[in-house]
Amino acid sequence: MYFYIKALHIIFVVTWFAGLFYMPRLFIYATEAGEKEPLERDILRKQFSIMMKRLWYGITWPSAILTLIFGVTVMLMGDWDKILFKPEGRWFLMKWIFILGLFAYHFSLHRLFKEEMAGVFRFSSTQLRIWNEVATIFLFAIVFLVAVKQSMSLVWGIGGLICLVVILMLAIRIYKKIRQGNS
């Protein structure tokens, strides 16, 4: 039964991340719709609102909850909880810290979702593009921790994450320059 539960956990991790990746894109599109003529803006924002609600409540939230339920079940069935605070379990403790950060990110998206549903667009599309990459950073950190476990050094792990952040920020800047050049 353990491997079936583990497979379900992985499946819901994937669907949760799909929502975490796509939701900020919808925020960006709705924000950029504000630059259109009023009629077009209203039509676009109404459609994005429908898409956001379906994605958030139909996929992202259920996937987050099921990821947590199946993840805790795998942890308990596999006795992973017994090594959590031991030297050989440092990777697992770090994974849980990143998972807590990922849930904090999830709740920040929920707040943005509620604001946009209320017609409040506080952030520029560039700021939202940057925020969109936070999920990528969590994904890299968690997958590397799970894949290499204790053979990964903290220095290399942090260094790798810093390099990833630099690459993502450069990509956003380049994309912005390309968009401005095409305008």
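Structural remarks
- Under 19 Å from a label point set 7 Å out along the Cα-to-Cβ vector of K177, the amide N atoms of the stretch 115-131 belong to 126-127, 129-130.
- Per-residue 3J(HN,Hα) values for the stretch 30-35, derived from phi via the Karplus relation 6.51 cos²θ - 1.76 cosθ + 1.60 with θ = phi - 60°, read 5, 5, 5, 5, x, 8 Hz in sequence order (x marks Gly and Pro).
- Based on the Kirkwood approach, the hydrodynamic radius assigned to the stretch 103-183 is 14.8 Å, with every pair of different Cα atoms included.
- Measuring only protein heavy atoms, the 1.4 Å probe finds F123 accessible over about 70 Å².
- Residue-level accessible surface for M77, protein heavy atoms, 1.4 Å, Å²: 90
- Legend: distances between Cα atoms for K114/K176; K36/K177; K6/K53; K6/K176; K95/K176; K6/K114; pairs beyond 30 Å are K6/K176; K95/K176; K6/K114.
- Think of the stretch 1-149 as having a plus end and a minus end, set by charges on the Cβ of Lys, Arg, Asp and Glu; of G58, T126, G71, G71 sits farthest toward the positive end of this dipole.
- Taking every protein chain into account, the 1.4 Å probe leaves R129 with about 20 Å² of accessible area, to the nearest ten.
- Relative contact order of the stretch 1-107, defined on C-alpha pairs under 8 angstrom at six or more residues apart (%): 38
- q = 0.10, 0.12, 0.18 Å⁻¹, the chain: log10 I(q)/I(0) [Debye, one scatterer per Cα]: -0.49, -0.67, -1.21
- For the chain, the dipole from Cβ point charges (+1 on Lys and Arg, -1 on Asp and Glu) about the Cα centre works out to 160 debye, to the nearest 20.
The values are calculated or read from the model by the stated rules, or taken from the named source; none is laboratory data. Just so it is clear, the structure is predicted and the values come from calculations on it, not from any experiment. In this analysis, Cβ positions are derived from the backbone assuming ideal geometry, glycine residues included, and neighbour counts consider all displayed protein chains. Keep in mind that these areas ignore ligands, DNA and RNA; they rest on the heavy atoms of the full protein, side chains included. Shrake-Rupley method; radii C 1.70, N 1.55, O 1.52, S 1.80 Å.
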